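Values in this text are rule-based calculations from the coordinates and carry no lab data. These figures come from a predicted structure and were not determined experimentally. Reconstructed Cβ throughout: ideal geometry from the backbone, glycine too, with neighbour counts over all protein chains shown.
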Amino acid sequence: MDKLIEDWPKLALDIGAQFGLAGRIFGIVILIILYPVLYSVSRRFIHATFDRLLAGVIKEDLDFNKHRLAKRLALFFFACVFYAALPHLLSGYSTVIQLTRNISMVCITLAGTLVVSSLLDVFLTVYSSSRTSQDIPLKASVQVVKIVAYFVCGIFIVSLVLNKTPLYLFSGLSALGALLLLVFRDSILGFVAGIQLIANQMVAKGDWIEMPKYGADGDVIEIALTTVKVQNWDKTITTIPTYALIGESFKNWRGMQESGGRRIKRTINIDISTIKFCDGDMLNRFSKIQYISDYIQIKKDELSVYNDENEVDDASLVNGRRLTNVGTFRAYTVAYLRHHLMINQEMTFLVRHLAPTEHGLPIEVYVFSKDTIWANYEGIQADIFDHLLAVAPEFDLKVFQNPSGADFRRLVPQREDEYNIIEHKHTDSL
């Protein structure tokens, strides 16, 4: 089949020489019929070649049809055959030969550029299946190469149409430099920004980023020449100019994902009116709590020694050093989190008081969970605070909450009773 394809121009010439005009027409018809043959051969060749070359590189099947490489290669081969055969088939018609040769060269140039574009798409598809593509995306670079290829292709086509050398046209581009910079401003800025993003590893495909100015909060799904696409958690797509990631601030959560811990930072507001010193009954009750039984005993011994050495009068709990229910609750929180299997003990671990506010005394939990997956992280955080909120009353503490409608309804009967008492006294006085 390959030998037959190579001999088509010579065969068409022989037919034209023997049969004259009829033979030339027959040769042109054969050339037209040749295109689907070339398409079929090139398609099979491409699939067989790439399947063998990439079988050991990637595990998944690639659909080369979407890149239209076979169609464009067939068009390129056909344009080359057309360019070589027509001067022989149209011998004696110099004007027609020159016209058809120019048309053929335009087709060869355009088809060759399309083939290069398809090959770049195939390369990008193969590269995207590798792990390296997550850290070093090349889509922006490939798009730049495509733009340059199409630009050069346009110059060559114009030079063919005007019958001028391409160097003549390239020399005239200096006068259009300012216009070209204006037209390709976003592309140039995006290309430079893409290089900086890759070199500094600022963002990569799959990173979770936040950029409130553009309403972006989700995973990066594509880094292109002029835009970066972010799929938000509500599944909408936000498009950000590539150069905006260089010139403006954004938050990248990659560090959290790679650190092995995700921060839990939340407060419980304690009603200040329920904070008090611990008496003997309270300490005996707290000593039965498994997590802090040793803590209670150690603190009792420590405070007893201190109070004895300083001859503290035990008649009042205010004298000397005493345990408080809120301090004991904080110690319980620390012990509970130290025994929690899903808390990363190697990272920052704090349970602290914040400044009192009109909403009570905030007790802040500042720890890191071992699981960084969002859904699992939320489950771990919810379980921890479910437990702490439920255990607070065991320490005679109340969690602060603004009065609600039910709280005000409880006050109505009391006010009615007070009104009746006042009314009764007023009646008696009369």
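Data overview
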{"read-out": "Restraint check, Lys265/Lys398; Lys146/Lys235; Lys265/Lys370, Cα-Cα greater than 19 Å", "value": "Lys265/Lys398; Lys146/Lys235"}
{"read-out": "Cα→Cβ-extended label distance, 7 Å offset, between Lys398 and Ala84, nm", "value": "9.6 nm"}
{"read-out": "14 Å beta-carbon shell around Met347, net charge (K/R +1, D/E -1)", "value": "+2"}
{"read-out": "Estimated distance in nm for a label pair at Met256 and Thr357, the labels positioned 7 Å out from Cα along Cα-to-Cβ", "value": "2.0 nm"}
{"read-out": "Cβ-based net charge around Phe286, under 14 Å, with every Lys or Arg adding one and every Asp or Glu removing one", "value": "+2"}
{"read-out": "Ascending count of other beta-carbon atoms within 10 Å, so fewest first, for Ile103, Ile264, Ile237", "value": "Ile237, Ile103, Ile264"}
{"read-out": "Residues Met202, Met211 arranged by fewest to most Cβ contacts within 10 Å", "value": "Met202, Met211"}
{"read-out": "Proximal charge balance of Thr113 [Cβ under 10 Å; K/R count +1, D/E count -1]", "value": "+2"}
{"read-out": "Burial ordering of Ile380, Ile240, fewest other beta-carbon atoms within 10 Å first", "value": "Ile380, Ile240"}
{"read-out": "Of the GluC sites (Glu not before Pro) in region 202-310, those whose Cβ has at most 13 other Cβ within 10 Å and which sit in DSSP loop", "value": "Glu248"}
{"read-out": "Under 5 Å, built H, 5+ apart or other chain: amide partners of Asn344", "value": "Phe368, Ser369, Lys370"}
